[in-house]
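Shown next, in structure tokens, is the structure this report addresses.
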Amino acid sequence: MSAFVINGGRRLSGSLRVQGSKNSVLPILAATVLISGKCTIHNCPRLSDTECTIKILRSLGCKVYRDGNSVTVDSTSISSSEISEELMREMRSSVVFLGAIIGRIGEAMVSAPGGCEIGLRPIDLHLYAVRKLGVDVEEGYGRIYCKVKNKLKGNKITFSFPSVGATENAILLSATAKGSTTIVNAAREPEIIDLCDFLNSCGAKISGAGESIITVEGVEKLSGCDHTVICDRIVSATYLIAAAVTGGDVELISANPNHLNSVLPLLEESGCDIRIRCKDVRLKAPMRLRRIDKIVTQPFPGFPTDAQALFTTLVSIADGTSVIVENIFESRFKHVPELVRMGARIRAEGRVAVVDGVDRLYGAEVFSPDLRGGAALVLAGLCANGVTKVRNTEYIDRGYEDFTDNLCMLNGDIIRKDISDGRAEKKEVKTRRN
Ligand code: UD1
């Protein structure tokens, strides 16, 4: 158990190279299951979620080695098609293993991902895609058992919503299915493109990634390759907002501004000066941040739900009233009561939050409700008057590599402290019951 202790009020400045994308690396590591051979994935961030993915790979019988930020997976000797309930619970996105395991072994047994901090997160769209390609699905006692009827067979899959995870499962399943698969209303996130680039380097025939219709021509076999994961666009947004809320000046090296097309205009609307040079992005904050009229989360290329909590902190100290609409997950305002403890004036009801900007936030003891909500509280601590203690750091560790070191390098005053009074666990239990 640890907490981040932040001495607020220091202006962030300097430059930083942003880590590899968590949401790219998880499905890419899962995809190595499909490949009988060795793959080396570079720019693989050290996160609790990547370590959990590696644990799952090992539990399936894959050989996995890490050398710095490169991870080599050899799935030649894969021996199991089952992921234990314990591992499934540790990381909800483990459901993306479903398509890869079925594609390789012809069957898979996983658990329904458990209750959740940001919404229900059902997997009906994943199972719809699985069934469409010729797989029998049986559900019972919290377990899901999938078995290919005869052969995986290409088909048309039309999603009612462009789910990121379900699109990834559909791609993984169809990569080695017989014939052609068309995925209609596919998710268009950069992480989908990264997954398809990786699979195509392994010999897959996937076209249309990044568009709403993806076509997959199934191939007999995939072989190993080396792949470098893209930069994490949500982590990029986090450091840019850290600069914005502290009146700072920060440059992100190789941040890929194309992936931030829906985020950068909102930072400009708040008065920040954004300069782009090749793939580098520099943000200079104004004396006082301005309100942002409306922040509406949408599937890519719209504004990302993962950046919503981070922007809530920003508009909390902006001049004027801002409105936030969360369209992707139904319970993604759990950071709001914690920000209110720090002096923010926010009213949240259902999917809408109205934020009246205040002059300053004040340090307090707060609890991370989830990964991005926790990062939003760290940002609040960086700009608050006084000391902020952010508990439940294990959520933040799921997505941020070297978070405290990077913020200190940019002149932030933040340390991780071990705590052992058990209060964090009590709050966690309460949150889940709610
Ligand atoms: C991924 C990202 C997560 C991001 C989210 C939306 C990873 C590891 N995680 O999560 O960081 O916040 O995309 O950009 O890449 N839904 C259903 N049925 C399904 C699947 C999803 O109703 O079978 C709903 C979800 O409850 C949610 C919405 O669709 O309301 C979006 O979910 P989805 O795009 O699937 O998100 P994830 O892949 O879980």
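Placing dummy labels 7 Å off each Cα toward the beta-carbon, the span from ALA112 to ARG89 is 1.6 nm.
Straight-line reach from LYS147: taking Cα to Cα under 23 Å and skipping same-chain neighbours fewer than 8 places apart, the lysines in range are LYS132, LYS156, LYS178, LYS221.
Classified by the C-alpha gyration tensor, region 353-413 has an oblate form. Its axis ratio a/c, with a ≥ b ≥ c, is 1.5 or above, and a/b does not exceed b/c. Extending 7 Å from the Cα toward the beta-carbon at both GLU51 and ASP226 defines two label points whose distance is 2.7 nm. Step through the table entries LYS153/LYS205; LYS22/LYS151; LYS55/LYS334, compare each Cα-Cα distance with 25 Å, and write down the pairs that go over it. In this structure, LYS22/LYS151; LYS55/LYS334 lie more than 25 Å apart at Cα. What you get for region 1-156, charging only the Cβ of Lys and Arg (+1) and of Asp and Glu (-1), is a dipole of about 560 debye around the Cα centre. Counting charges near VAL325 (Lys, Arg +1; Asp, Glu -1) among other residues having Cβ under 9 Å from its Cβ returns a value of +1. Here the calculated FRET efficiency for ARG58 and MET287, from their Cβ-Cβ distance with R0 = 45 Å, stands at 0.30, rounded to the nearest 0.05. Counting Lys +1, Arg +1, Asp -1, Glu -1, what net charge surrounds GLY210 among other residues with beta carbon under 12 Å of its beta carbon? Counting the neighbours of GLY210, the net charge comes to -4.
Counting pairs of Cα atoms in the chain, how many percent are more than 42 Å apart?
Across the chain, Cα pairs with separations above 42 Å total 14 percent.
Between SER420 and GLU217, full extension at 0.36 nm per residue minus the direct alpha carbon distance yields a gain of 67.7 nm. Shape class for region 232-312: oblate, because the ratio a/c of the largest to smallest gyration tensor axis (alpha-carbon atoms, square roots of eigenvalues) is 1.5 or more and b/c is at least a/b.
Rolling a 1.4 Å probe over the protein heavy atoms leaves PHE367 with an accessible area of roughly 20 Å². Name the shape class, rounded, prolate or oblate, that the alpha-carbon gyration tensor gives for region 133-181, where a ≥ b ≥ c are the square roots of its eigenvalues, rounded holds for a/c under 1.5, and otherwise prolate holds if a/b is larger than b/c and oblate otherwise. Oblate shape, in that a/c is at least 1.5 and b/c is the bigger or equal ratio. Taking only the Cα atoms of region 1-53, the radius of gyration and Dmax are 16.5, 52 Å. Per residue, the accessible area of the chain comes to 40 Å² when a 1.4 Å probe rolls over the protein heavy atoms. For LYS417, the lysines whose Cα falls under 19 Å of its own Cα, not counting residues fewer than eight places away in the same chain, are LYS389, LYS426, LYS427. Between the beta carbons of SER180 and SER80, assuming R0 = 35 Å, the FRET efficiency works out to 0.70 to the nearest 0.05. Take the Cα of ASN411, go 7 Å toward its beta carbon, and the backbone nitrogen atoms of region 233-268 under 13 Å from that spot belong to 243-251.
Largest first, the residues ASP197, ASP273 sort by 1.4 Å accessible area into ASP197, ASP273.
If you take the alpha carbon atoms of region 183-234 and fit the smallest convex hull around them, that volume is 62 Å³ per residue.
Scoring 164-177, 145-158, 312-325 by mean Cβ neighbours within 10 Å over their residues and listing the highest first yields 164-177, 312-325, 145-158.
Building the convex hull from the alpha-carbon atoms of region 5-124 and averaging its projection over directions returns 9.7 nm².
Net charge near ARG282: determine it from the other residues with C-beta under 10 Å of the C-beta of ARG282, scoring Lys and Arg +1 and Asp and Glu -1.
-1
Each Lys and Arg contributes +1 and each Asp and Glu -1, all at the Cβ; summed about the Cα centre of the chain, the dipole is approximately 320 debye.
Computed from the Kirkwood radius of its Cα pairs, the Stokes-Einstein diffusion coefficient for region 279-419 at 20 °C and 1.002 mPa s stands at 139 µm²/s. Going by accessible surface with a 1.4 Å probe and the largest first, MET342, MET1 read MET1, MET342. Remark: spin-label model distance ILE276-VAL137 equals 3.8 nm, labels positioned 7 Å along the Cα→Cβ axis. Considering only ALA170, THR182, TYR141, and ranking their Cα positions along the charge dipole of region 110-196 that arises from unit charges at the beta-carbon of Lys, Arg, Asp and Glu, the one farthest toward the positive end is THR182.
The values are calculated or read from the model by the stated rules, or taken from the named source; none is laboratory data. All values reported here derive from a predicted model rather than from experimental measurement. Cβ sites come from the backbone with ideal geometry, for glycine too, and all protein chains shown count toward neighbours. Ligands, DNA and RNA are stripped out before the accessible areas are found, and what is left, the full protein with its side chains, is counted by its heavy atoms. Shrake-Rupley method; radii C 1.70, N 1.55, O 1.52, S 1.80 Å.
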